[in-house]
Amino acid sequence: MKAKFLFNLLFLFSLLVFPSRGQAQIILSEIMFDPAGSEYYDEFIEIYNTSQSDTVDLSGWQISDGVAADFIIAHVAGTKIAPGQFGLILDPGYFEHSNQYDDLIPQNALILTIDNSSFGSGGLSNSTPETIILINSTGDTVVQYLYSIDNESGHSDEKIRMTDDDSPANWANSKQMNGTPGFRNSVSPLNFDLELASIFFSPLKPNRDQTITANVSVKNSGLNPVAGFSGSLFVDTDYDKYYSENELFASSETFSTPLPPNDSLLFALQFSLDRSGVFSAAAILKTTNDDNPLNDSLFTRLAINFSASDVVINEIMYAPFSGGSEWIEICNRQSFSINLQEWSFSDQDSSERSILSIAPFEISPQSYALISADSSVITEFKQHFCLKTTGTGNTLNFAKSFFPRQRRQRRCDHHSI
């Protein structure tokens, strides 16, 4: 008899201290305490059933702000939350006075409300962090979370990994305006999400025709292992902001070994360029199983050093006719076009430099350009190709397009290149 009494006592203690398996799997998943809409009607608290098999009846459950508690009640579809289902607890005034989330809430979310006019002791505070407590029908605390207040208005607090703890490290500000009421949190990992994490080149500033190594890091940010992926490197050599097949410079093998969740892989792509300049490069990830293609590409700049004689000063007009303009003629001696973006020139005082162009602009192979501070040079050399200063600051803008060398004006010296 004594042993039976002790068993019953332990059983009762276990019920009080440890909620049932189904109840323990109901968690807080999102808290909208500072909505973009009405403070009176647009606050919400989201819960989630992490169980894969147990439906839980929320009848008699309460939600509290640490000061006052409200009973969770049905809106239309009852109080039973199915396995893997989100439950959205809305302010009771929302249904009559607001439609802030109507276009966001999915049909499979369980819509709930409370038996009071507002959450807790007068709504959720925007200025003081409050502890949200979920209480089951026997009065036991199932879960609690102290939300942060560093969110922008309209951005909720969201749980990152549903089955992990409620430490601050496992919560984050929503990435989405109005939060994610009734569906997967914007900060939660996807089932399959392979992302390009970083790319860097070695050497940092290579010479043309030198072997370059692109070190590419791939991270598995999803919940499941991923295999069967590869990487490629493109370089926009024609500056058209598109990456065509003839701008593919390197590809990796296909990695067949599964990459575990939250793990990374570093692989190297080797290539070379036969021209100098500052180019846009793109690492592209190819995978057959990815829920988020937006992070499968990574863009960066690649600078290939110029040689000292690639572009030379070919002629200087320092004493023009009366009313004429001073100008400098430059020449591209190479067999490839050279982009003059961010190139600069100066006189003996190198501290005062003029930028040739802030946008991409190419000088054709074995072609010439004039640089002038006065647009009158365009009239003087109608068929020449000219750059002119704006007259404000040191930035130079282009006045005309480039033409082949044989169309140069006779007044420019025909020096051999």
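Compute the distance from the alpha-carbon center of the stretch 116-187 to that of the stretch 291-364, in whole Å.
Using only Cα atoms, the two centres lie 54 Å from each other.
Quick one: order Tyr101, Tyr145 by neighbouring beta-carbon count within 10 Å, fewest to most.
Result, fewest neighbours first: Tyr101, Tyr145.
Can you list the GluC sites (Glu not before Pro) in the stretch 214-262 that are in a DSSP coil and have 10 or fewer other beta carbons within 10 angstrom?
In loop regions of the stretch 214-262 (DSSP not H, G, I, E or B), the sparsely surrounded GluC sites (Glu not before Pro) are Glu253.
Ranking Thr113, Thr131 by Cβ neighbours within 10 Å, fewest first, what do you get?
If I rank by nearby Cβ atoms, fewest first, I get Thr131, Thr113.
To make sure I understand, if each residue's beta carbon is the centre and we count other beta carbons within 10 Å, what order do Ser372, Ser51 fall in, fewest to most?
The fewest-first ordering by Cβ neighbours comes to Ser51, Ser372.
Taking 10 °C and 1.306 mPa s as the conditions, I'd like the Stokes-Einstein D for the stretch 194-304 in µm²/s, using the Kirkwood hydrodynamic radius from alpha carbon pairs.
Estimated diffusion coefficient is 110 µm²/s.
Using modelled backbone amide H atoms (1.01 Å from N, in-plane), which distant-in-sequence or interchain residues come within less than 5 Å of Glu315's amide H?
Sorted by chain and number, the residues that satisfy this are Glu329.
For the pairs Lys219/Lys241; Lys205/Lys286; Lys205/Lys241; Lys175/Lys286; Lys80/Lys175; Lys175/Lys241, flag any whose C-alpha to C-alpha distance is greater than 24 Å.
Going by Cα-Cα distance, Lys219/Lys241; Lys205/Lys286; Lys175/Lys286; Lys80/Lys175; Lys175/Lys241 fall outside the 24 Å limit.
Rounded to the nearest 0.05, what FRET efficiency is calculated for Gln270 and Gln52 with R0 set to 56 Å and r the Cβ-Cβ distance?
E between Gln270 and Gln52, to the nearest 0.05, is 0.75.
Separation between the Phe71 and Asp263 pseudo-spin-labels, each 7 Å from Cα along Cα→Cβ, expressed in nm?
5.1
Pop a pseudo-label 7 angstrom from the Cα along the beta-carbon direction at both Val278 and Ser167 and give the gap in nm to one decimal.
4.3
Every number in this text was worked out from the coordinates using simple rules, so none of it is lab data. Predicted model, so just to flag it, every value in this text is computed and none were measured. Reconstructed Cβ throughout: ideal geometry from the backbone, glycine too, with neighbour counts over all protein chains shown.
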